[in-house]
Structures are given as C-alpha cells and as structure tokens.
Amino acid sequence: MDILNFISWIKGKRVIKTVNPKSTLLAVGLKDNRRSDGYLAGAITVADFAAQMPAGPQGPTGATGLQGVAGPVGPAGLNWQGAWSALGTYVIDDAVGFGGASWFCINAVGPSVTTPDLDPINWALLASQGSPGVNGGTGPQGIAGPNLVTTGTTLANIGSAIQVLYSNGVTVEGDPRFIYDETLSYFNHSGKTTDTTNTAMGTFALSNNVTGNHNTTVGYAAGNVIQLGNDNTAVGYQSLSNTSTGNNNTAIGSNALLFNTSSNNTAVGSGTLVTNTTGSNNTAMGSGALGNNSTGFSNTAIGYSALSINTAGINNTAIGYNALQSTTGLGNTAIGTSAASANTSGFLNTIVGLSAQTGNFNGSVILGANAVATGNNQFVVGSTGTNAGIVTLGANTSTKVWEVVINGVAQKVLLV
C-alpha cells in the first residue's frame, strides 16, 4: 500500500461512511525486526479487525418501558353446593353432585324436580362418574330381602289353610309365599298324602291322591284324579287329570292325556292323546298327535295331527304333519307330511314321501312324493307327476342281475 496515497486521503478529507466488512481492508503495520524500520506494511479486513476487539464495559440500564395492555378477565370459579336437591335454588356457577357425577349451573333454576342429567338447559356436566375399580372392592349393601325362611320352620293350622312359618328374629309369623290350601291345593310339597315322594304345584294338582307315589304334577288340575297311580309326570293345564290308577305316564302340555286311565303312555304337546282311555304304550309328540286315540296301543305319532283320528289302531308309526290318519288300521308306517293321510283302516303298509297314499289297501310299499297304491300288496315308486328315475327304451345285452327277495322268495332282476 502506498503510504503517500493514504496520507493524501487524510489531507484531502476524503472519508467513506460505509464499507463491506469482509472485503474492505485496513492498513496495519506488522512487526518485523528484520526491517530497518521494524515494521512490514500489511492489511486486515474490517470484519476480522472488529473480531479482535475486546467487548466494552456493560452500559447502564435503560429507562422502564410503558405499561402493556391488560389481558382478558379469566373465568369465574365454581361454588360447590353439595348433593343436588329438588328443593334447592341454584344460580350460575353453582356446582352440585348427582348420580355419581358433578354438574354446574348454566342458568338459574330451582326448586325443580328435573334432575341435572335430564335438564341440559340449566345444567352442564362437570365431571362424569368414574368407572368401577378393578379386582372388585366391596360393593354397597343391597336392599334387605323379604322375610328370610330359616331352618327352624314349622307348620301351623291357620283356619282352613296351612302356612309355612318363619322366624324374623323377634316373632314367628306366616309367610304368604308358601301356602297350602287343603281345598284348592295352591301349593303342595307332599302331594296331599303321607307319601312325600309326590310333588304337586297348582290349583287342584294331585288333589285326590290317596296312596299313589312318585308322582309329579304341575299346573291347574294336573293329575287331580290320580288316586292309586305311581310314577306319573304331568305338566300343563288338566294334563293327566283323569288318570286314577295308571302308572308310568308322562304328559306335557295343556290337556295332554286328559282322559287317560292306562299306563306307559308319553304325550308331549297340547291335546296329545287327549281322548286316550285304555290305550297303553303310546307315544305322541306334537299338538293333536294321537288326539282321538281311545283304545289303540303301541302307536307312535310325531308331528302336528299325526295319527290324530286313530281310535283303536295298534302298532302304527306316523312321522310328519297330518301323517297316517288311520282309525283302526294296524302295523302301518308313514313318514312324510300327509303321508297315508287317507288311510283309515288299511294295515301293514309302509309309506314314505310327501302325500304318498295307500288308500285302505293292505301290504303295500309306497315310495316317493305323491306315489299312490291302487290295490293290495303293491310296490309303488314315484308317480306320474313326480317321477322317481327315468324310463327309456334300450336293448338289454347285460348279464348283470340284482338279487332281491320279493314276497319272501329270492329273485334275480336283470339289469340293463
């Protein structure tokens, strides 16, 4: 750098007011003892020079600034009023407890019978009820039940009734939950007999029993004529209500086995075996099944109205709605809705299929929907309206045969 040029700038009072700190240079003398004047001319940027300067002393604190603008007013606190009361009067920001939760008032209200949870116009939920704790702590005491029957109960005659007595810790009183009226038999644990193996529940249930045992009757007049019979079960209105000496009968359903006097019958369903009198070993399941049987025995009917008009037929089996409407036939088996529904006196027929019929013919086998017998001892498969297989023409050169027994005789049927 030309020092004369620098001096010329000073004399000419040529001064700049802004510089680029990173590129503008300042002249400096670098110590160099090898020179006669002891210094070497050099330069440093303004930015680097400023970085070498130590920080000056802390200046004095400035004057306090002006007060800032006040912030918005915060929400008002709540006023806890304890448990909510229909007689209480509440204003805005009152808080109450109800139903395990807490609520705060948003509009003046009260007295009022409307609870906070049903009054969103005047109340808002503050905190809901917490969930139950884990591992089951002790719950609140339950409401005391009615008079507890104790082990020291006794029977006492009170007018025409017998009541079970209980102790309430102070006095002994009658419990209306357990009452046995000797006339109506509202409740009877011993079957109106000294044999405690009987159970009867219901008005007139087993009310005429004398020496019968192991009988269970439930329902109005259920088994009410049983006097000497044993091991009978009747459940339903008037079920087994006229059986006096029959044994091992089971009747479930209104009027099931209503007029029965025999043994070993099972009737399940309203009106099943309802007119049976002396028939035995019958099984009926389904409303109206064997509903008119009176003297027939060893019959099985399953399905609504199955064997419903049978009166004296024996050893018949009917499965399906309205199946086998035989009255006096025997040894028939009918499976399917309305199967053999037109048979009244035919016997030893086997019928399988929807509406398959035998009329009153005997000894036939009828298979397939709507298949119909036209005489005795027929084997019928299918019908003109409902085919069982396809019949076609063809030459038979086969040597295969089907070995069958027809009417007790071994036969061979040639197969195509």
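Summary table below
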| read-out | value |
| --- | --- |
| Mean separation of Cα contacts under 8 Å (6+ apart) over length of region 270-387, as relative contact order % | 13 percent |
| Gyration tensor (alpha-carbon) shape descriptor, region 368-416, a/c threshold 1.5 | oblate |
| 23 Å Cα-Cα reach of LYS400 towards lysines, excluding residues that sit fewer than 8 places from it in its own chain | LYS412 |
| Equivalent ellipsoid, region 3-46 (semi-axes from 5 times Cα gyration tensor eigenvalues, Å) | 24, 16, 5 |
| Relative packing of peptides 44-57, 273-286, 367-380 - highest average C-beta neighbours within 10 Å first | 273-286, 367-380, 44-57 |
| Which of ALA55, PHE6, ASN107, positive extreme of dipole for region 1-118 (C-beta unit charges) | PHE6 |
| Per residue value of the accessible surface for region 1-70 (all protein chains in place, 1.4 Å probe), Å² | 95 Å² |
| Full-extension gain in nm, ASN387 to ALA410, via 0.36 nm per residue minus C-alpha separation | 5.5 nm |
| Order by protection proxy (mean Cβ within 10 Å, highest first), peptides 22-31, 401-410, 58-67 | 22-31, 401-410, 58-67 |
| Förster-model FRET efficiency, 41 Å R0, GLU403 and ASN213, C-beta, rounded to 0.05 | 0.10 |
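The values are calculated or read from the model by the stated rules, or taken from the named source; none is laboratory data. These numbers were taken from a predicted model, which means no experiment stands behind them. Positions of Cβ are generated from backbone atoms using ideal geometry, with glycine treated the same way; all protein chains shown enter the neighbour counts. Keep in mind that these areas ignore ligands, DNA and RNA; they rest on the heavy atoms of the full protein, side chains included. Shrake-Rupley method; radii C 1.70, N 1.55, O 1.52, S 1.80 Å.
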